[in-house]
């Protein structure tokens with residue numbers, strides 16, 4: 001893809017300092033969705049754009065970079081934020097405050113990864129115990145390397161987000177696949193482990209959800 005323009009986005013799910021890295025990855029744009037503004041403020045970050053209905057934040061924040069939407073709308077606040085980042089040319093979106101909290105919002109954010117893939121954009125959902133992304137067969141990101149975190153025990157799980165994911169190859173893991181198939185109706189790919197420093201996952205067809213989860 002060449003040089004990728006990255007955005008950091010803050011959602012409204014609870015965010016603690018433990019959920020954030022010691023230093024955020026370099027980014028070209030920071031966008032907050034509703035109560036995600038609080039996380040940015042705690043970090044001393046001035047966002048470039050703030051959007052939402054602000055029912056969670058409690059009031060409409062002041063500023064010329066704030067856009068308010070009605071509560072009755074089709075897109076979630078975080079999806080509105082993601083659409084803005086994509087419209088600004090960002091092709092890698094790193095989300096904090098997108099996991100945990102309400103289960104329905106977490107599921108919505110997992111579905112959002114597929115919508116981002118439709119826009120040729122990678123989404124990564126991060127908190128202290130998880131790192132979630134999506135690989136789409138036939139796209140530039142159909143082959144990815146995943147590194148084992150340096151502290152704690154982490155699992156690597158694969159889930160089919162389409163009815164079938166085909167041509168899955170996983171190397172460097174305890175239970176490897178060679179041109180394997182995963183189905184959305186059966187969680188065969190749960191709780192694998194990276195054996196060395198990294199694993200390589202590729203998929204030829206379908207949307208594959210990749211979850212790195214810390215053992216608790």
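Coordinate-derived values only; no laboratory data. Values in this document were obtained by computation on a predicted structure and should not be read as measured data. Heads up, the Cβs are rebuilt from the backbone with ideal geometry, glycines too, and the neighbour counts pull from every protein chain shown.
Just the number, please: percent antiparallel of the DSSP beta bridges in the chain, rounded to the nearest 5.
Values: 34 of 54 bridges.
Around 65 percent of the beta bridges assigned by DSSP in the chain are antiparallel ones.
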Inset, instruction - Let me know the whole percent of all Cα-Cα pairs from the chain that are separated by more than 21 Å. - result: 54 percent
Legend entry - Helix-derived mean residue ellipticity, 222 nm - over the chain, DSSP H n ≥ 4, -39500 (n - 2.57), to 500: -5000 deg cm²/dmol
Legend entry - Additional length obtainable on full extension of the chain from residue 5 to residue 169, 0.36 nm per residue less Cα span: 56.2 nm
Legend entry - Modelled label reach - residue 195, point 7 Å along Cα→Cβ, segment 169-186 residues with backbone N closer than 20 Å: 169-181
Legend entry - Counting DSSP beta bridges with both ends in segment 51-167, the antiparallel % (nearest 5): 35 percent
Legend entry - Percent of alpha-carbon pairs separated by more than 24 Å within segment 1-97: 16 percent
Inset, instruction - Take segment 129-216, compute every pairwise Cα distance, and split them into 5 Å bins from 0; I just need the percent in each bin. - result: 3, 16, 29, 28, 16, 7, 2
Inset, instruction - Arrange 74, 48, 127, 55 by Cβ neighbour counts within 10 Å, fewest through most, would you? - result: 74, 55, 48, 127
Legend entry - Estimated FRET transfer efficiency (residue 107, residue 55; beta-carbon r; R0 22 Å; 0.05): 0.70
